[in-house]
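To start, the structure under review is shown below, and the notes come after it.
Read the figures in this text as sums done on the coordinates, not as results from a lab. The shown structure was predicted, so the numbers you read here are calculated from the model rather than taken from an experiment. Quick reminder, even Gly has a Cβ in these numbers, built from the backbone with ideal geometry, and neighbours come from all protein chains shown.
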Amino acid sequence: MHIPDGFISTPVAVVGIAAAAGSIACAVKATNKKMGEKQIPMMGVLAAFIFAAQMLNFPVPGGTSGHFVGAALAAIILGPWSAVLIMSCVLMVQCLVFQDGGLLALGANIINMGVIAVFVSYFTYKGIFAAMRGSKVGRFIAAGVGGWVSVVASALSCAAELAISGIVPWQVAMPAMGIVHMAIGVGEGLITVAVIALVMGTRADLLELQQPT
């Protein structure tokens, strides 16, 4: 999912950097308005957890592997704008310190995993949770589907960037990335549900931290 340098064209990279910078600026502004005292330490804790969890890979049929993204989890607990900041920080550290993802591709990676994944998962979660009238089971289903769709959406966004850059044809990039990440997304959904279940069992108040968007 992390795009290395040389895999997207310069125009796509520049647009990604500009879009990521704008998204982060909006996230800072929105988070400053809505963030309470309890949210500040939680942002750090979630960022550390997501960073560590992304280091663990799980096998996927077909000989490949996937890893936890965390966008859905961050969005569910702290809301989308705080999640954008958390994911952006994680991706920046991975890029600058561990060379996971290219420097010129950092903007695209932030857009894919830190913006698109966040908002798609957040609104999917909110919609399903509301449709199931806020039940406990509904929360788990919403979290699982939100986690799954976050991975698929970010993968398709990545595929689109590669296709626009002329690296891979659209008819190859979209199904290749989509099908593999549908399987990877199952792991994401299960991990998201497991963490939400743990939070509900120990600190259910954390799920009420976010302010209305």
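Quick look at the values:
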{"read-out": "Linear extension gain, M182 paired with V168, 0.36 nm per residue minus alpha-carbon span", "value": "3.1 nm"}
{"read-out": "Interchain or long-range residues, amide H under 5 Å from G66's placed H", "value": "F58, V60"}
{"read-out": "Helix-derived mean residue ellipticity, 222 nm - over the chain, DSSP H n ≥ 4, -39500 (n - 2.57), to 500", "value": "-23500 deg cm²/dmol"}
{"read-out": "Estimated vicinal HN-Hα couplings, Hz - the stretch 126-139 in sequence order (Karplus 6.51, -1.76, 1.60; Gly, Pro = x)", "value": "4, x, 5, 4, 5, 5, 9, 6, x, 6, 5, 4, x, 5"}
{"read-out": "Pairs from K34/K136; K33/K136; K34/K126 whose Cα-Cα separation, in the structure shown, is over 24 Å", "value": "K34/K136; K33/K136"}
{"read-out": "Rounded if a/c under 1.5, otherwise prolate or oblate - the stretch 10-52, Cα gyration tensor axes", "value": "oblate"}
{"read-out": "Neighbourhood net charge (13 Å Cβ-Cβ; Lys/Arg +1, Asp/Glu -1) for I141", "value": "+4"}
{"read-out": "Exposure proxy order (Cβ contacts within 10 Å, fewest to most) of R133, R203, R139", "value": "R133, R203, R139"}
{"read-out": "Label-to-label distance, nm, for residues given as R203 and A25 (7 Å Cα→Cβ offset)", "value": "3.3 nm"}
{"read-out": "Proxy reagent accessibility, fewest Cβ within 10 Å first, across H2, H67", "value": "H67, H2"}
